[in-house]
Protein chains: 2
Amino acid sequence: MRTAGRPTLEAVARRAGVSRATVSRVVNGSTTVAEEIREAVHRAVAELGYVPNLAARSLVTQRTDSIALVMPEDANRVFSDDQFFPGIIRGVSQELEAADKQLVLMLAGSPAGRERVARYTTGRHVDGVLFASLHAADPLPALLAQLGIPVVCNGRPLDGAGLPYVDVDHVGGVSRAVDHLIGTGRRRIATIAGPSDMVAGIERLAGYRQTVAAAGLSARVAVGDFTRESGAAAMRDLLAQHPDLDAVFVASDLMAQAALRTLREAGRRVPDDVAVIGFDDTETAAYTEPPLTTVRQPIQEIGRQMTRQLLRLAAGGSIEPALVLPTELILRDSA
Amino acid sequence: MRTAGRPTLEAVARRAGVSRATVSRVVNGSTTVAEEIREAVHRAVAELGYVPNLAARSLVTQRTDSIALVMPEDANRVFSDDQFFPGIIRGVSQELEAADKQLVLMLAGSPAGRERVARYTTGRHVDGVLFASLHAADPLPALLAQLGIPVVCNGRPLDGAGLPYVDVDHVGGVSRAVDHLIGTGRRRIATIAGPSDMVAGIERLAGYRQTVAAAGLSARVAVGDFTRESGAAAMRDLLAQHPDLDAVFVASDLMAQAALRTLREAGRRVPDDVAVIGFDDTETAAYTEPPLTTVRQPIQEIGRQMTRQLLRLAAGGSIEPALVLPTELILRDSA
DNA sequence: CTGAAAGCGCTTACAG
DNA sequence: CTGAAAGCGCTTACAG
């Protein structure tokens with residue numbers, strides 16, 4: 001690729017008849033430059049089509065004006081039609097756009113991917129790192145934080161390292177859902193839980209357990225991994241083991257959609273025979289058959305808040321160690 | 001943020017008792033370094049936890065090892081549960097990961113967003129630019145190409161600038177779909193087209209028109225913009241204007257899903273009263289009610305091919321100006 | 001308010 | 001095979 005044509009600060013300075021320092025000041029919006037000089041510089045910039053070389057700027061400012069969003073997941077999971085990660089990306093983009101920063105997206109499902117993330121982020125190529133999800137006690141976030149890189153996680157980190165995070169009120173949402181099932185007369189309430197190595201899986205299951213227990217009901221649990229296939233398999237298991245169930249709380253909309261289909265195939269009517277409640281309130285929920293009652297979590301807002309926290313941190317400010325966003329029960333036809 | 005702790009090449013050189021040049025060679029895998037010196041350097045790197053500063057490297061190499069994926073769309077469109085963009089992102093990520101490059105994601109739905117993209121990409125912060133979609137005769141890709149920045153587009157650019165692109169065989173796919181409808185006895189075949197400022201919208205409509213015309217049938221057209229809401233509205237229009245229709249080819253799965261629901265609400269049975277065929281074959285298609293017959297396009301493969309082309313271009317190689325991937329009719333229950 | 005100069009952390013001809 | 005030196009394109013104290 002050519003470097004040839006691209007004008008540098010130097011060229012602008014010559015053209016405007018000023019020093020490089022002055023051009024730099026004007027380009028960076030310093031107000032201490034005389035009006036007419038500023039105009040001359042702007043003219044030269046326009047005439048030459050000057051655009052600052054960001055690598056050079058980064059080298060001296062030690063800032064890159066970009067941040068990384070790490071998704072420690074399989075590409076399959078991230079870009080199935082699960083709306084979770086896209087929602088996070090969208091929230092992050094919005095805040096970043098407002099702050100005029102760039103988004104570097106990093107998938108890190110494989111060991112090689114994690115290696116790349118570590119290398120890249122510790123290489124100071126970004127001003128901070130956002131983790132879109134976390135599995136088990138992933139050491140990477142704490143490692144980065146230790147190297148002085150600002151880090152914010154989605155979901156409370158399970159390693160207890162005290163990193164800042166944004167999360168939602170899983171337990172409150174689930175218990176409202178289960179209470180709704182109980183309140184409408186259901187007594188044999190099962191759950192399809194999320195993965196047990198993720199805080200979302202753990203907490204939603206805990207919410208279910210404590211709510212059924214509080215009502216004196218027994219728990220019936222099958223476990224999925226938030227994918228549709230796992231939801232269908234879990235629903236089949238539940239039907240086999242607890243053929244008398246009359247309701248199921250499913251820890252994600254996608255798994256719930258699969259559960260609805262499995263129930264239909266098994267000849268169970270929803271909600272007449274079995275009531276179903278999901279979790280997420282992604283767009284899919286309104287288009288299932290029947291439309292899905294679900295616990296809404298503000299996915300996009302999670303992305304936005306994480307980003308705000310990170311930018312504050314990167315700017316040297318201090319932030320609250322945890323932000324917990326509310327959840328809400330959305331009633332449709334499935335329960 | 002601190003610069004303090006981070007070791008530089010200089011530090012490694014001192015520790016290993018060699019020059020910076022030598023360290024640089026070892027770090028970059030040059031083979032012309034004596035075995036024992038190389039080992040000493042590696043040891044020093046490990047002991048110090050040295051990671052190259054990428055901005056400094058970029059400044060001299062004029063490469064950034066990252067590429068931008070631009071989505072000139074509303075965030076709404078990109079991250080609704082339309083699987084199109086996520087599929088592209090996924091394909092791009094995979095190829096980039098293999099090439100050890102970074103992905104910078106840029107939404108550019110708004111004028112301000114487009115401005116940012118122009119500034120950022122012309123600022124040489126990336127080695128090349130991928131356009132995930134294009135509207136009307138967008139001048140941005142040609143502008144970048146003119147500045148010497150490698151560009152590859154998804155879909156044939158409508159400005160006729162001759163930029164390299166990757167696309168799918170829209171017309172072939174659609175005509176197979178419409179022929180299938182005709183072959184199964186449908187005669188009053190409508191279409192819900194995509195946006196008329198996008199090549200995918202234009203070509204799929206053209207494929208529909210020429211196939212019904214070839215069969216001596218008349219066209220019934222409503223236009224959507226690939227979102228579900230637009231699909232529902234278009235379906236209502238079609239029912240109002242052509243209550244006798246017995247089939248509809250819908251230019252995207254998401255619009256088709258909405259059309260299915262609208263038909264159901266209108267009391268039409270699918271496929272008995274009205275046959276429906278979509279386009280995309282995203283995961284959603286298998287989960288609609290009834291499961292959707294659709295034209296599959298290899299979305300992820302589009303992303304991969306675009307990326308390969310771009311990397312070749314960025315490496316100074318030459319590429320084919322156009323790559324057209326095949327489409328395939330997937331039969332399910334809706335037609 | 002403006003400029004000369006140093007320096008950010010690398011890579012790469014060029015000698016030897 | 002290795003090192004001294006120049007240079008990539010910026011920003012920022014420091015003087016004046």
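A short reminder: the numbers here are calculations on the coordinates, not readings from a lab. Please read all numbers here as calculations on a predicted model, not as lab measurements. Note that we place each Cβ from the backbone using ideal geometry, even for glycine, and neighbour counts take in every protein chain shown.
Sorted from shortest to longest, the distances between the residue B:216 label points of this copy and the other copies are 7.6 nm, with each point 7 Å from Cα along the line through the beta carbon.
Distances between placed amide hydrogens fall under 5 Å for residue A:278 paired with A:250, A:293, A:294, A:295, all partners being 5 or more residues away or on another chain. For the stretch A:86-115 versus the stretch A:273-314, the spacing of their alpha-carbon centroids is 18 Å. Where both bridge residues fall in the protein assembly as shown, DSSP classifies roughly 10% of the beta bridges as antiparallel. Between the helical axis of A:35-48 and the longest alpha-carbon principal axis of chain A there is an angle of about 70 degrees.
Counted residue by residue at 0.36 nm each, then reduced by the alpha carbon distance between them, the extension gain from residue A:28 to residue A:76 reaches 13.0 nm. Here the Karplus curve 6.51 cos²θ - 1.76 cosθ + 1.60, taken at θ = phi - 60°, turns the phi angles of the stretch B:176-183 into couplings of 5, 5, 5, 4, 4, 5, 5, x Hz, with x standing for Gly and Pro. Of A:264, A:204, A:220, the residue with the greatest mean-square motion in the GNM of chain A, using alpha carbon springs below 10 Å, is A:264.
Assuming R0 = 41 Å, can you tell me the calculated FRET efficiency for the pair residue B:219 and residue A:213, based on Cβ-Cβ distance, to the nearest 0.05? Please report the intermediate quantities before stating the final value.
On the way: r = 62 Å, r/R0 = 1.51.
About 0.10, to the nearest 0.05.
Projected label points at residue B:159 and residue A:146, each 7 Å from Cα along the beta carbon direction, are separated by 5.0 nanometres.
Where both partners of a DSSP beta bridge lie in chain B, what percent of those bridges are antiparallel, to the nearest 5? Taking every DSSP beta bridge with both residues in chain B, the antiparallel ones total about 10 percent. For the stretch A:53-70 versus the stretch B:13-40, the spacing of their alpha-carbon centroids is 27 Å. Under 5 Å from the amide H of residue A:165 lie the amide H atoms of A:153, A:322, A:323, each residue being 5 or more positions distant or on a separate chain, with H modelled from the backbone and absent for Pro and chain starts.
Residue separation of residue B:266 and residue B:136 scaled by 0.36 nm, minus their Cα-Cα distance, works out to 43.3 nm of gained length. Position residue A:34: other-copy label points at 6.0 nm, ordered by increasing distance, label point 7 Å along Cα→C-beta.
In chain B, helical runs assigned H by DSSP with n ≥ 4 each contribute -39500 (n - 2.57); averaged across all residues and rounded to the nearest 500, the mean residue ellipticity at 222 nm is -14000 deg cm²/dmol. For the pair residue B:37 and residue B:196, a Förster radius of 60 Å applied to the C-beta separation gives a FRET efficiency near 0.40, rounded to the nearest 0.05.
For chain B, the longest principal axis of the Cα atoms and the long axis of helix B:111-122 meet at an angle of about 40 degrees.
For the residues B:15, B:312, B:261, a GNM of chain B with alpha-carbon springs under 10 Å puts the largest fluctuation on B:15. Students often get this wrong: which residues of the stretch A:57-90 have the backbone nitrogen under 17 Å from the point 7 angstrom along Cα-to-C-beta of residue B:60? In the stretch A:57-90, the label zone of residue B:60 (backbone N under 17 Å from the point 7 Å along Cα→Cβ) covers A:57-60. For chain B, the longest principal axis of the Cα atoms and the long axis of helix B:84-98 meet at an angle of about 30 degrees. Shown in residue order for the stretch B:22-32 are the 3J(HN,Hα) couplings computed by the Karplus curve 6.51 cos²θ - 1.76 cosθ + 1.60 at θ = phi - 60°: 5, 4, 4, 4, 5, 4, 8, x, 5, 8, 8 Hz (x for Gly and Pro). Once both labels are positioned 7 Å from their Cα atoms along Cα-to-Cβ, the gap between residue B:320 and residue A:229 label points is 3.2 nm.
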